[in-house]
Amino acid sequence: MQIAIIGAGNVGSALAKQWAKAGHTILLGLRDLNSTDAKELEKFSPNISSHTISEAINNSEVVLFSTPPEAAVTVAKQNPSLKNKIVIDATNSIFKKPEPYKTAFEGIKKETGCQEVVKCFNSTGFENMENPKYGNLVIDMFAASSSKKAKEVARTLSIDAGFAECYDFGGDDKVELLEQFALSWINLAILQKQGRNIAFKVLRK
């Protein structure tokens with residue numbers, strides 16, 4: 001797949017590496033094309049290249065937002081071509097909402113008219129995206145959307161990133177719940193000082 005990643009911070013960088021290793025073409029959408037982080041990612045794999053934000057979006061099939069939520073909504077306003085893409089919202093609005101919207105997910109859909117938007121890759125730390133293995137166990141990912149197509153793409157890319165499974169968390173009405181689920185990880189890892197090397201795994205008898 002041709003995947004645009006908007007935001008080359010910790011989460012975007014971790015997923016760029018995993019997806020490049022899996023054979024996907026990664027287009028980093030950047031405000032600063034000379035960013036040190038972007039240059040390091042380009043050295044990591046020939047499948048990763050730097051572009052302006054609009055170029056990355058226009059030349060991709062899938063767009064991942066790993067920016068602050070308000071920045072994601074701003075980019076959505078500026079790029080109407082998102083309407084015809086599959087958009088993955090990896091942001092969390094639990095500390096600051098992208099007014100007037102409750103989540104970036106809501107803002108992206110309303111600003112672009114895109115119906116293929118999915119919340120995914122927001123519920124754990126970037127360290128778990130770099131390495132989702134815990135001994136003999138491999139951790140899980142979760143996706144929320146009313147778009148079956150977008151959830152299927154999120155599941156494929158979760159597996160390609162090394163996760164054991166991507167569980168269906170429900171429709172658009174479960175997006176805020178999935179962000180609260182992310183807050184549970186943040187609470188345990190940071191506020192309760194359990195450390196960032198913890199993760200969620202669905203177990204069955």
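The values are calculated or read from the model by the stated rules, or taken from the named source; none is laboratory data. Keep in mind the model is a prediction, meaning the values are calculated, not measured. Every residue, glycine among them, receives a Cβ derived from its backbone with ideal geometry; neighbour counts consider all protein chains shown.
Overview of values
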read-out	value
Candidate set from the stretch 72-95 (those that are touching a residue at least 40 places away in the same chain (Cβ under 8 Å) and in contact with a Pro (Cβ under 8 Å, 6 or more places away or on another chain)); member that is farthest from LEU157 (Cα to Cα)	SER93
Residue pairs meeting the criteria (Cβ under 8 Å; at least 6 apart or on separate chains; first without any contact (Cβ under 8 Å) to a residue 24 or more places away in the chain and farther than 10 Å from VAL87 by Cα, in the stretch 143-155; second surrounded by fewer than 24 Cβ atoms within 10 Å (Cβ to Cβ) and hydrophobic (A, V, I, L, M, F, W, C))	ARG155/CYS166
Restricting the stretch 132-152 to residues that are touching an Asp or Glu at 6+ places or on another chain (Cβ under 8 Å) and part of a helix (DSSP H, G or I), the residue that is surrounded by the most Cβ atoms within 10 Å (Cβ to Cβ)	ALA150
Test: residue in the stretch 37-54 that is more than 18 Å from VAL87 (Cα to Cα), at pLDDT below 95, among the acidic types (Asp, Glu) and outside any helix (DSSP H, G or I)	no
Members of the stretch 55-67 that are part of a helix (DSSP H, G or I), in contact (Cβ under 8 Å) with a residue 40 or more places away in the chain and surrounded by fewer than 21 Cβ atoms within 10 Å (Cβ to Cβ)	none
Among the candidates TYR134, TYR167, residue that is over 18 Å from GLY7 (Cβ atoms), over 18 Å from the mean Cα position of the chain (by Cα) and of a type in the set (Phe, Trp, Tyr)	TYR134
Meets criteria (polar (S, T, N, Q), under 24 Å from LYS97 (Cα atoms) and out of contact with any strand residue (DSSP E or B) (no Cβ under 8 Å at 6 or more places or on another chain)) for THR67	no
Scan of the stretch 7-59 for residues that are closer than 22 Å to ASN128 by Cβ and aliphatic (A, V, I, L, M), ordered by number	ALA8, VAL11, ALA14, LEU15, ALA16, ALA20, ALA22, ILE26, LEU28, LEU41, ILE48
Residues satisfying the stated conditions in the stretch 113-131, i.e. under 24 Å from SER93 (Cβ atoms) and part of a loop (DSSP other than H, G, I, E, B)	GLY113, CYS114, GLN115, GLU116, PHE121, ASN122, SER123, THR124, GLY125
Residue match in the stretch 100-117 (condition: farther than 15 Å from LEU177 by Cβ, in contact (Cβ under 8 Å) with a residue 12 or more places away in the chain, within 11 Å of the chain's Cα centre (by Cα) and surrounded by fewer than 24 Cβ atoms within 10 Å (Cβ to Cβ))	no
